[in-house]
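Notes follow the structure.
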Ligand SMILES: NC(=O)c1ccc[n+]([C@@H]2O[C@H](COP(=O)([O-])OP(=O)(O)OC[C@H]3O[C@@H](n4cnc5c(N)ncnc54)[C@H](OP(=O)(O)O)[C@@H]3O)[C@@H](O)[C@H]2O)c1
């Protein structure tokens, strides 16, 4: 159950395209129809501001007329040096809180990621390892750390700024299963799942802020991330074939359908803290469908 009073803050990283775009659209639609979330402020983070503007345009189309949804779009390269990312994120969070807050509940979606080189482990360079781990593991770790400190301080000096904090890591089957030529990606996704488990373990009952984490695996989708599979740019022929077969058999997941499932899970709030839930774990609606917005 959501807190019945106050404003909600929704933060989505990588909101310019693909799944991140669908997540913003589906959360906006769901919250605008939810009495507990009528007043919601969205904070979209990524590098492509035009793409994020387009995401927000699309989100406007599906929302209830009496909704009070606002947005702020921030350009931030989450693959930059961690010190810079940390400083930028601190500034974004505190300015948004001052200008558009306070917020009683916060949903933070770690969606930004890339696959890194689609090569076998033996062919990956030190620079590729460093860059990939920094972006896919370092930055979500750092943002989570800063978010917890800001929203739910536990040093006794100040009360929590919000009553509820929900952090979602966009995960993958790759967190659980080794996939040829996706070595860095699989390792990154497994690490991010562990980050969510770790937060669940560390934060349990430590402040008056109710903190809960979730890793959500959205299923295989045709987005910019998977385009190399259709272009044959992957060291694993079997993976290329697998994506082509999914496309042919119409078994790729529609990002909007997957996002709706994630939003439903979030709003029902029945998952166990730190859980890894896959789009295929529960019922219905997972095959390729056009968005309903
Ligand atoms: N596609 C699949 O089959 C699949 C399957 C399982 C899980 N996932 C997961 O779903 C999530 C979204 O992936 P997608 O398929 O939608 O991929 P995508 O279309 O490539 O989108 C990736 C997003 O990450 C952002 N991003 C990339 N580099 C960034 C950087 N340096 N700083 C900040 N943001 C950055 C991009 O935004 P900007 O360019 O604006 O920065 C973009 O919005 C990822 O976590 C992915 O691992 C995807």
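Here residue 271 clears all of (1) touching a residue at least 24 places away in the same chain (Cβ under 8 Å); (2) part of a helix (DSSP H, G or I); (3) more than 13 Å from the ligand (Cβ to nearest atom) except the condition numbered (2).
Return yes or no: is residue 242 more than 12 Å from the ligand (Cβ to nearest atom) and farther than 30 Å from residue 165 by Cβ? Judged against the criteria, residue 242 is not a match. Does any residue of segment 1-11 turn out to be over 17 Å from residue 63 (Cα atoms) and within 14 Å of the ligand (Cβ to nearest atom)? Yes; the residues of segment 1-11 include at least one that is over 17 Å from residue 63 (Cα atoms) and within 14 Å of the ligand (Cβ to nearest atom). Restricting the first member to segment 10-22 and to residues that are under 21 Å from residue 37 (Cβ atoms), and the second to residues that are within 8 Å of the ligand (Cβ to nearest atom) and at pLDDT below 95, no beta-carbon pair is closer than 9 Å while six or more apart or on different chains.
Each residue in segment 182-206 was checked for being more than 29 Å from residue 121 (Cβ to Cβ) and out of contact with any helix residue (DSSP H, G or I) (no Cβ under 9 Å at 6 or more places or on another chain), and 5 of them qualify. Checked against (1) over 30 Å from residue 37 (Cβ atoms); (2) within 11 Å of the ligand (Cβ to nearest atom), residue 217 meets all criteria but (1). Considering segment 110-144, and only residues there that are without any contact (Cβ under 8 Å) to a residue 24 or more places away in the chain and in a helix (DSSP H, G or I), the residue that is surrounded by the most Cβ atoms within 10 Å (Cβ to Cβ) turns out to be 130. The test for being surrounded by fewer than 18 Cβ atoms within 10 Å (Cβ to Cβ), under 20 Å from the mean Cα position of the chain (by Cα) and part of a helix (DSSP H, G or I) does not hold for residue 260.
Scanning segment 156-174 turns up one or more residues that are within 15 Å of the ligand (Cβ to nearest atom), within 19 Å of residue 115 (Cβ to Cβ) and part of a helix (DSSP H, G or I). A residue that is in contact (Cβ under 8 Å) with a residue 60 or more places away in the chain, within 16 Å of the ligand (Cβ to nearest atom) and surrounded by 14 or more Cβ atoms within 10 Å (Cβ to Cβ) can be found somewhere in segment 31-48.
Take residue 179 and decide whether it is more than 29 Å from residue 239 (Cα to Cα), within 15 Å of the ligand (Cβ to nearest atom) and either in contact with a helix residue (DSSP H, G or I) (Cβ under 6 Å, 6 or more places away or on another chain) or touching a residue at least 24 places away in the same chain (Cβ under 8 Å) (or both). Here the answer is no, as residue 179 does not meet what is asked.
When residue 253 is tested against the conditions (1) buried (at least 19 other Cβ atoms within 10 Å of the Cβ); (2) out of contact with any helix residue (DSSP H, G or I) (no Cβ under 8 Å at 6 or more places or on another chain); (3) in a helix (DSSP H, G or I), the lone failure is (3).
One residue alone among 12, 25 is crowded, with 24+ Cβ neighbours inside 10 Å, at pLDDT 95 or above and closer than 24 Å to residue 150 by Cα, and that residue is 12. Quick one: would you say residue 80 is within 13 Å of the chain's Cα centre (by Cα), farther than 15 Å from residue 259 by Cβ and either without any contact (Cβ under 8 Å) to a residue 12 or more places away in the chain or near the ligand (Cβ under 10 Å from one of its atoms) (or both)? So residue 80 fails the test.
If only one of 192, 244 is touching a strand residue (DSSP E or B) at 6+ places or on another chain (Cβ under 6 Å) and assigned to a helix (DSSP H, G or I), which one is it? Write out each step before concluding.
Working: 244 fails: touching a strand residue (DSSP E or B) at 6+ places or on another chain (Cβ under 6 Å).
Selected residue: 192, the only one of 192, 244 that is touching a strand residue (DSSP E or B) at 6+ places or on another chain (Cβ under 6 Å) and assigned to a helix (DSSP H, G or I).
The values are calculated or read from the model by the stated rules, or taken from the named source; none is laboratory data. Keep in mind it's a predicted model, so treat the numbers as computed, not measured. All Cβ positions, even for glycine, are placed from backbone atoms using ideal geometry, and neighbour counts span all protein chains on display.
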